[in-house]
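> Please see the structure below; I have some questions.
Each value in this text was obtained by applying a stated rule to the coordinates, not by laboratory testing. Keep in mind that this is a model prediction, so the values were computed, not measured. Every residue, glycine among them, receives a Cβ derived from its backbone with ideal geometry; neighbour counts consider all protein chains shown.
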Amino acid sequence: MNSFRQAIEAEASPEELRSIPIPETYRAAFVRKDEVAMFEGLPSSEKDPRKSLHVEEVPVPEMAPDEVLVAVMASSINYNTVWTSLFEPLPTFAFLERLGKSSSYWNRRHDLPYHVLGSDGSGVILRTGSAVRNWKIGDKVVIHCNYVDDQDPTGHDDSMLSYDQKIWGFESNFGGLADLTLVKANQLMPKPTHLSWEEAACNALCNSTSYRMLVSKNGASLKQGQRVLIWGATGGIGGYAVQYALNGGATPIGVVSSEDKVELLHDLGCEAVINRSEKKYRFWKDEHTQDESEWRRFGKDIRSLVGDDPDIVFEHPGRQTFGASVFVTKRGGLIMTCAATTGYMIEYDNRHLWMKLKTIKSSHFANYREAWDANKLICEGKIQPILSATYSLQQVGEATNLVHKNQHEGKVGILCLAEKPNMGIDNHELREKVGEDKITLFARYGKTIGSSNN
Ligand code: NAP
């Protein structure tokens, strides 16, 4: 892959890139099927991604007619990287085995004894399949992770409703934490020209998810003046959610767990912030019993900051917070949920939901249109990347462990073919116009924030 790296750095023409042969193997981060039991009996907190993630050469897979082969310059860690590396809540080989049973030859390729993971990426197209129309060799792209078959009729209202919808690099193989990746042409979007490879690579998964949850008609259709409670407001999806609330004329109320994070949010323009560590909320008296008086205390804190209950709650911690989220939502308001980091068996008091006509709505990633629109906002400098730290592909275990331990901010980037940070910026004029300060806000705080409590 060295020849490709050099060619890309030298801005080689499509013809030059075409003339370089694709190697037989490439460097990739993967988990191994024969190791899925390695953490058996351990609590999640003691499972260590540095032990389960390997970085080695694997064979280059065969490309389908609707696919492209992309040289990955950078990628990022997502929470699904954590899930895959811990083999929780189930080993992702279950997804690959299901693909292995498919009648499609192309689906069956994914069922291998190793799973190359990663659901984000920025890079350069090296080869296009015969059915690819809108993209060509040499195009600089970012990749979104909605992996759907566009010949499936069930996906043609909203592709997230497609019966066989999957997340690339989590429920499929050949993901983005590698020097090469194989993706469907309908996952491609233009790379933001004013960003480095790693700044460009960190957005697609989390930014598109937050866009669908808050902005899209498939989510909350956020309106000016609304109040939005955002859990984990400096985390991967929370950091974009805050920006969408601010851009849309709403009032975000960010919940975080340290003073540094409070400061970061203030710098981002979010005035109303709750430090949950300082407040020491105990929504659960014990493992089985929630404490309504603590929900009430939390609700009062929100009202004292913004004068009213939140119209929308951006919910993803799950079991630990869901009861409180339902309680504090305004009469007629909406709880938007996309995850359950702290446990997926949720409990809440249904009386507080129905008597006050609240709605729980679910969301999952984003369809191509939503991902495209969210990427356009990044391209135009209206939403900023929230990259706080960058690691090499070799250090992928370390980087994943940071996210696992909630010791990171925003997004953690991974350099794949890019040799060092800050490469790949093409439009310096736009970068200057958007403002270096805004683009690198999370990176500046990333240096000071080392740990937080769960
Ligand atoms: P992240 O970067 O780790 O951020 C999550 C934030 O949640 C943390 O920064 C933490 O913030 C907060 N948090 C953790 N434990 C908490 C607790 N007990 N109570 C309250 N807040 C807590 O992860 P992410 O990328 O934002 O992802 C969050 C979740 O969404 C993950 O489960 C992920 O798998 C899921 N997700 C789903 C989709 C989808 O399409 N469905 C897409 C992206 C992510 P503080 O410590 O500062 O409070």
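> In Å and on Cα atoms, what radius of gyration and Dmax does segment 390-439 show?
13.6, 38
> I would also like to ask the following. Please sort 45-57, 391-403, 206-218, 427-439 by packing, taking for each peptide the average over its residues of neighbouring beta carbons within 10 angstrom, highest first. If you can, show how the numbers build up before the last one.
On the way: 45-57: 15.7, 391-403: 20.5, 206-218: 24.8, 427-439: 13.2.
By packing density, highest mean first, the sequence is 206-218, 391-403, 45-57, 427-439.
> Relative contact order for the chain: what percent, with Cα pairs under 8 Å and sequence separation of 6 or more?
Numbers: 1030 pairs, mean separation 81.4, N = 454.
Here the relative contact order equals 18 percent.
> Still on this structure, please answer the following. Picking from Tyr114, Tyr147, Leu246, whose Cα lies most toward the positive end of the charge dipole for the chain (charges on Cβ: Lys, Arg +1; Asp, Glu -1)?
Leu246
> A follow-up question, please. Quick one: work out the % antiparallel among DSSP beta bridges in the chain, nearest 5.
Details: 36 of 60 bridges.
Given both bridge residues lie in the chain, the antiparallel proportion sits at roughly 60 percent.
> Out of residues 5 or more away from Gly333 or on other chains, whose amide H comes under 5 Å of its own, with H placed 1.01 Å from N in the peptide plane?
Thr359
> So, by mean Cβ neighbours within 10 angstrom, what's the order for 91-99, 140-148 with the highest one leading?
Numbers: 91-99: 18.3, 140-148: 24.9.
Put in order of decreasing packing, that is 140-148, 91-99.
> If you place +1 on the Cβ of every Lys and Arg and -1 on the Cβ of every Asp and Glu, how big does the dipole about the Cα centre of the chain come out, in debye to the nearest 20? Don't skip to the end; give the middle numbers.
Values: 51 positive and 59 negative charges, 238 e Å.
For this selection, approximately 1140 debye.
> Also, I was wondering about something else. Which one of Pro317, Val256, Leu305 is farthest out on the positive end of the charge dipole of the chain, using unit charges on Cβ (Lys, Arg +1; Asp, Glu -1) and the Cα centre as origin?
It is Leu305, whose Cα lies furthest towards the positive end.
> What value, in deg cm²/dmol to 500, does the helix sum -39500 (n - 2.57) over DSSP H runs of n ≥ 4 give at 222 nm once divided by the residues of the chain?
Values: 19 runs with 143 residues, N = 454.
It lands at -8000 deg cm²/dmol.
> Here is a follow-up. Mind checking which aspartates and glutamates have their C-alpha under 12 Å from Lys420, skipping anything on the same chain fewer than 8 residues away?
Glu9, Glu198
> To check my understanding: the extent here is largest minus smallest coordinate of the Cα atoms along each principal axis. What are those three numbers for segment 220-362, in Å, largest first?
So the three principal-axis extents are 38, 30, 27 Å.
> Still on this model: Relative contact order of segment 344-417: what whole-number percent is it, with Cα pairs under 8 angstrom and at least 6 residues apart?
On the way: 40 pairs, mean separation 19.4, N = 74.
Value for segment 344-417: 26 percent.
> Suppose a student asked you for the relative contact order of segment 229-321, using Cα pairs under 8 Å spaced at least 6 residues apart; what percent would you report?
Numbers: 121 pairs, mean separation 26.0, N = 93.
For segment 229-321, the relative contact order is 28 percent.
> A further question follows. Which lysines does Lys280 reach when only Cα atoms under 30 Å apart count, and residues fewer than 8 places away in its own chain are ignored?
Straight-line reach from Lys280, under 30 Å: Lys47, Lys261, Lys300, Lys330, Lys356, Lys358, Lys361, Lys405, Lys411, Lys447.
> Classify the chain as rounded, prolate or oblate, taking a ≥ b ≥ c as the square roots of the eigenvalues of its Cα gyration tensor: rounded when a/c is under 1.5, otherwise prolate if a/b is larger than b/c and oblate if not.
On the way: a/c = 1.71, a/b = 1.50, b/c = 1.14.
In terms of gyration-tensor shape, prolate.
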